[in-house]
Structures are given as structure tokens and as C-alpha cells.
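The structure appears right after this line, and notes come after that.
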Amino acid sequence: MATETLTLGKALNTGLRRALENDPKVIIMGEDVGKLGGVFRITDGLQKDFGDQRVIDTPLAESGIIGTAVGLAIRGYRPICEIQFDGFVYPAYDQIVSQVAKMHYRSRGKLSIPMVIRIPFGGGIGAVEHHSESPEAYFAHTAGLKVVSCANPQDAYVMIQQAIASDDPIVFLEPKRRYWEKGPVDLDAPLADAYPLHSARVVRPGTDVTLLAYGPMVRTCLDAATAAAEDGRELEVIDLRTLSPLDLSAAYESVKRTGRAVVVHEAPSNIGIGAELAARITEECFYSLESPVLRVTGFDTPYPAARVEEEYLPDLDRVLDAVDRSFGW
Amino acid sequence: MAKGDPGGTTRGRRAAPRSRKSATGNPELVQLLTPEGERIDSVTGPDGIEYRVDFTDEEYRGLYRDLVLVRKLDAEATALQRQGELGIWASLLGQEAAQVGSGRALRTQDMAFPTYREHGVLYCRGIDPIMPLGLFRGVDQGGWDPNEFKFNMYTIVIGAQTLHATGYAMGINMDGKTGTDDGEAVIAYFGDGATSQGDVNEAFVWAGVFNAPMVFFCQNNQYAISEPLERQTRIPLYQRAAGFGFPGIRVDGNDVLATYAVTRTALDNARHGQGPSLIEAYTYRMGAHTTSDDPTRYRIASEVEAWQAKDPISRVKAFLEKQQIADAAFFAEVDEQARRESVHLRERVLAMPNPEPVTMFDHVYPNGSPLLDEQRAQFSKYMESFEGSAH
């Protein structure tokens, strides 16, 4: 019973259900989250079981979703807001950055906004524009917000519950193209004993190059590591899991062993998460580095039309190409 | 401080309506006290509701005291800014009646969501007027618990707080706290400029569809910094409510009695489960937008003079004098209290210490952040590196 095989989407759904069961103050708000169960069905069945006062179909306005959730949080609720797609979060950007992120600070700690903002993010599903973006840097750049991303069903199940239980406002990025990937999920392990939310994790040990990724790119890096192993290279893969605050202790330890680091994300490279990682790793591991920290990212273009997204998105070959460049330095 | 509730319950002798006047004039504007200090017994608004107040003499005097104190404290803050003790000040001059009338209409259990100009409402909530001055002095950014005072922190991003108010009001519904006299209601303050914001319009949508127990209280002071009302709207603002499916009404915002009556009714309707409404308090910003502004660049003196004649305080004074509800000794005593409180406020502003620089790292996250802790430690070490300097 304890361990079941679930898709990442179903793991999120199950985690949300647990949170609703465990705390009557937890509510879910968003567009189409009720009857429909969300466009990706992540909230499937929850309104039926918990009622429309706790799983709320909202009017179609993202700033309204986040803004009213702030008021509900002041009232003592713990809102989970679903933003339907990454590219639709921007109308809510002011409420997230100027209100959600700053309320605790402005009140000198007297008020907390325990809100989770769920955003399906990233590309690879052949969608029209605005449905495939990676906005994490905007949020990770903002003091007062925390930003995490899950990469597998087990983490999805645990991390969503940890995020909901946290008093910090958290942007929870869901790798939408991995929603249908399956993996084992331990449903009975107590949350209190779970791996800490804001901690990175080595998901594949290796000795030659350190790959740093999060969300949808963790799978890509694991596949790259499998391919590289056939060529005799052992790539260590670190799932960052938390983008704000970053947890780089595992990365520093790893890079000091391997001497090489490659950061992989779908978001464009310019002023992105990879730049921050490169700067920090360089500062901390300067005398251990055999080559500069390299980045494999989406390009500095708007997200392109779906028929060319495979060329835009980092894939196994581009990751291995960066590994080669690291060795060729 | 005069903290008596001048409305609702009756204490002492009631002042019989001493002058009566039918509700002629502008049918779009609820008014119970003319600029000349003539009392109008009752007015039936365009919504069919009869608006009246039934205050005792003591309560009338209490409202006058509130208005004078609020104006005096505001003037003191302006002076403090001119002397470099506050970084900026957003004066409420001219809007005292809109704020005292609505502020006194709130019941204890009600929650207010202010902009950055609601110093008068804050005062009527029984809050120490020193509380928001740290924000304007630059020693904090508010720093109070909204739930402790039933008064949210000042919000500077225009209109953002109307959504917070709406969410809070949804929470009242979810908690089942409407439907009785003890029910809770919310008031959201904003200005004429804010009505152009998306957030305000989204708040209207949300409040309507969720039947949120709240009052949208728009102080139409005619200007958004330099831009006149005509740049924000083609129709009277209160008429916007109809499009969102709830009542809207315009009140003379320089008439503390009418503002009280209209707000009290709207709040009570909300607490009894009748949903939101919009009040447009028609008033005028007599001063600058803030102390950084120069209104002579965008409005003419005759306009200001015309509004001066509609001053919210002189009409109450004229009424009290004419009806012999207050005498010269009373007015002198109020002035003396205002002087005393403003001196006290000034002393405390001057005594506000600058925060320790390292406190800028406090309260970024409820659960903290290791990276921020690291940065704080580096900063502290750096500061300590200055020999013989505490900072």
C-alpha cells in the first residue's frame, strides 16, 4: 500500500488532497480548477469532495486571483492559487511582487502570507504562444518569494504539501511536460520526516562533470548521463529543487570533486538562474574549476513557434555537447 | 482623544432636528448638512433608501472634535515634512468629513483597507496617529499587524488593496460571519484615479460574483496627482457599480453626517448578507497630492476657492453654533486638545530612532533563508570592520 506508481500530475493531485484533508484553512483558487479539475486535471475531483467553498472557480483574471488570495491570507486562510499557464502569470505580477512578497517585510514580521502559487511551466508540449514559458528568474529575483520546482512524482507529492504547510509565499513550478511521467510515490511516509523542501539533491552520482538542473530538465540531464556513461563519462546530476533560496552545498561539494559544471534550464540564458549559479560556483570553487561553468539554455528569443521548439529547448545532445566543450577547454 | 461612537446607539439627549429642508437640489448627491450649516432632516437617495442620522448633541460635538483633530494632526505632519522630519506626507486636507464620516460608521468588528491617505480613518479606528508616520519618516514601511487594528497597512500601489479587501470579505462569507447585526463587513478605500486600475475593476467583479460583504469607498477628490476626473471617466463614478451588478451612490464627501449615514447603511447591508456596494464620496483635495507636488501647475485658484466655501469643518461649526449645541468654550477646548495632540505627535516623531542598518535583513521570510543569513553575516562583518564605529 505504502508505495504506488503515479504520474507526476496524479502525485500533485494526491498531495493537494492530503493538504485539504489536513487543514481546513487550505483552499484552492483558480480558473477551471473546480468542475473541470484544471486544464491539466491537477485538481481533478477535489471540488467534488471538498466543496466549492474550498476549491473555488474564480473569475478569469490573474491579478484578481492573487489579490483576493492575499486578503484571504490576511483573514487566516492558506490559499493555493493555480495560474493556468506560465505565460498568463504576468497580469498577476504586481500582486505577487509588490504585495505577496512584501507583506511580511512591511509588517515587520507581524503578518505572513502563506500562499502557494502553482504554475505549470516550460515547453515541449507543442502549444501555441504563451503556454510554454519559463518565468522562474522573475520570481527568484524577488526578495520575499521562495521558488521551487519538482522533477519527479515522489517530489511532487511531498514538495506540494511542504509548500502548503510553509508560512512563506512560494511559487511552485510544475514541469508540465512531465505531468504524465510515472514513478513510485511513498504515500504513507510522514511529511515531518521528508527531505527538506529547500534542499537540492544529487539524483545521479558521478565523477567527471556536475550537471545542475531543475524541473523538466532533470529528466533530460539524467538521460544525458546515461548516454555519457556509454562513452565512459560519469556525469553527476543535481536536482536543484529550490531556486530561491538556492541550496548549493551539494553543488559546491560536487564541483570541487569534478572540476566541471554545466547548468541546464529551458529559460533563456541572459541574466538567468544559470548566470547566478555560474557566479556562485566560480566564487566558491574557483581553484577547483578545470573549465568555466557552462550553460545550456533556451535561446534569448521569445519562446518560438511549436514546430521549432525541439531546437529551442535544451536536449540530450546539447547537454552532451556542453560536456564535450567543458572537457575541451 | 475623543473616542465616543457618535452614531448607532443613543446616549443622552437627542438633538431634535432644528432645521428642515426637503431633499431638493442635486438628486445625485446625498447631503444632510449644507455648506452653510443647514441641517437636512432626511434624504431619499436614488436607491430609494432614506438616509438620516439621529445624533445626540454630544455625538455632534464628537464629530466636530474628530474633524478638527484630524485636520490639525495632518497639518502637523505637513509641517514636519517641510522641516525635513518626514520624507513625504500625503495630506488629507479637505477630505476630513469623508474619512471621519466613514471611519465612525465602521463597527468594531469591521475591517478597513486604506490607501496611504486615510489618516482620518485610522484616527477614528482608535489607532495612535503616530503609527503610520514611520512609513513617511522612512524608518519603517508600516510595521503593524492589520488584524490587531482591523486596519490594513497603508497600500501605495494604486488600487491593489481593493482586491485584498475583497478576498478578506470572501473569507467573512466562508467563515459564516454575515447575516446578523454582529456580522462583519469590510471597507475598501481608494480614489478617483484608482477607478481606472485593473485591480479595482477586478475587485468589483469578484465582490459581485461572490457577494462579498463590503463597501467600496471611493473618495473622489477630483485629481489623481495632476490629472482631473475627466481623464479617468466619462460617467459619474458611482454609476460604474451598476455595470458590476451592485448599488452605487454618491454622497457629499464634505458632509460628515451624510457620509456617516450612507456608509453605515452600506456596511450594515453588507453585514446582513446583501453584498457589496460602491460609495462615491464627492470631495476635493485642498492640498497637494503629496508634499512633493505643486498643484498650482494644473489647477486654478478659483476652483480651490469654490471648494473652500464647501469646507467640511466650517459647516459643522456653523451648525453647532446656530443650534447652540456648542459654545465658544467648547471650540476653544477642542482647539487646545488639537494643539496638545499635535505637539505630542511632533515630539514622538522627532524621537523616532533610525533603524539599525542590519535590521533591513529582518522579516524577509517567515522561515528565513540561509542565503540571506549569509549576506547579513557578511554585511555585519563589513560594518564591524570600520574601526571605532558602531555602524
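Values quoted throughout were computed directly from the atomic coordinates according to the rules given, and no laboratory measurement underlies them. Given the structure is predicted, the values throughout are model-derived calculations rather than measurements. When we count neighbours, we look across all protein chains shown, and the Cβ atoms used for this are built from the backbone with ideal geometry, even at glycine.
Straight-line cross-link reach from B:Lys310 at under 15 Å between alpha-carbon atoms covers these aspartates and glutamates, not counting any fewer than eight positions away in the same chain: B:Glu36, B:Glu38, B:Glu96, B:Asp252, B:Asp255. Which percent, to the nearest 5, of DSSP beta bridges fully inside the range B:43-350 are antiparallel? Bridges in the range B:43-350 that DSSP calls antiparallel: roughly 15 percent. Just check the range B:43-350 against the gyration tensor rule for me: Cα atoms, a ≥ b ≥ c as the square roots of the eigenvalues, rounded for a/c under 1.5, and otherwise prolate or oblate depending on whether a/b exceeds b/c. Here the range B:43-350 falls in the rounded category. A Gaussian network model of chain A, with springs between Cα atoms under 10 Å, assigns the largest mean-square fluctuation among A:Leu12, A:Leu294, A:Leu243 to A:Leu294. Comparing B:Thr115, B:Thr233, B:Thr263 in a Gaussian network model of chain B (Cα springs below 10 Å), the most mobile by mean-square fluctuation is B:Thr233. Taking 30 Å as the straight-line reach from the Cα of A:Lys146, the lysines in range (excluding those fewer than 8 positions away in the same chain) are A:Lys10, A:Lys25, A:Lys35, A:Lys102, A:Lys110, A:Lys176, A:Lys182, A:Lys256, B:Lys150, B:Lys381. The modelled label-to-label distance for the pair A:Asn270/B:Gln308, using points 7 Å beyond Cα in the direction of Cβ, is 5.5 nm.
Computed about its Cα centre, the charge dipole of the range B:241-360 is approximately 260 debye, with only Lys, Arg, Asp and Glu carrying charge at their Cβ. Anisotropy class assigned to the range B:122-260 is oblate, per the alpha carbon gyration tensor with a/c at or over the 1.5 cut-off and a/b no larger than b/c.
When the charge dipole of the range B:19-133 is built from unit charges on Cβ atoms (+1 for Lys and Arg, -1 for Asp and Glu) and taken about the Cα centre, the candidate among B:Gln81, B:Gly120, B:Val53 whose Cα reaches farthest toward its positive end is B:Gln81.
Look at the alpha carbon pairs under 8 Å that are at least 6 residues apart: their mean separation over the length of chain B gives a relative contact order of 21 percent. Checking every one of the chymotrypsin sites (Phe, Trp or Tyr not before Pro) in the range A:77-185 against DSSP loop status and a limit of 13 other Cβ atoms within 10 Å picks out A:Trp180. DSSP bridge analysis restricted to chain A gives an antiparallel fraction near 25%, rounded to the nearest 5. Computed from label points 7 Å out along Cα-Cβ, the spacing between B:Ile300 and A:Asp231 is 8.0 nm. Ranking B:Thr265, B:His289, B:Thr108 by Cα position along the charge dipole of the range B:43-350, where only Lys, Arg, Asp and Glu carry charges on their C-beta atoms, puts B:His289 farthest toward the positive end.
In this Cβ point-charge picture (+1 for Lys and Arg, -1 for Asp and Glu), the range A:159-210 has a dipole of about 360 debye about its Cα centre. On the basis of the beta-carbon distance and an R0 of 51 Å, B:Leu371 and B:Arg234 show a calculated FRET efficiency of 0.50. A Cβ-based charge dipole, computed about the Cα centre of chain B with Lys and Arg at +1 and Asp and Glu at -1, lands at about 860 debye.
FRET efficiency for the A:Tyr195 to A:Ser288 pair, using the beta carbon distance and R₀ = 30 Å, is estimated at 0.70.
Label-to-label distance for B:Ala328 and B:Thr108 is 4.1 nm, based on points extended 7 Å past Cα in the beta-carbon direction. Between the C-alpha center of the range A:142-160 and that of the range A:232-277 there is a gap of 17 Å. At q = 0.06, 0.07, 0.11, 0.15 Å⁻¹ the log10 of I(q)/I(0) for chain A amounts to -0.20, -0.27, -0.68, -1.23, computed by Debye summation with a single uniform scatterer per C-alpha, solvent ignored.
Its Cα gyration tensor gives the protein assembly as shown an equivalent ellipsoid; the semi-axes, largest first and in whole Å, are 56, 28, 21.
Report Rg/Rh for the range A:1-85, rounded to two decimals, where Rg is the Cα radius of gyration and Rh the Kirkwood radius.
Values: Rg = 12.8 Å, Rh = 13.1 Å.
Answer for the range A:1-85: 0.98.
Only helices enter this figure: runs of n ≥ 4 DSSP H residues, each worth -39500 (n - 2.57), summed and divided by the residues of the protein assembly as shown, yield -11000 deg cm²/dmol at 222 nm to the nearest 500.
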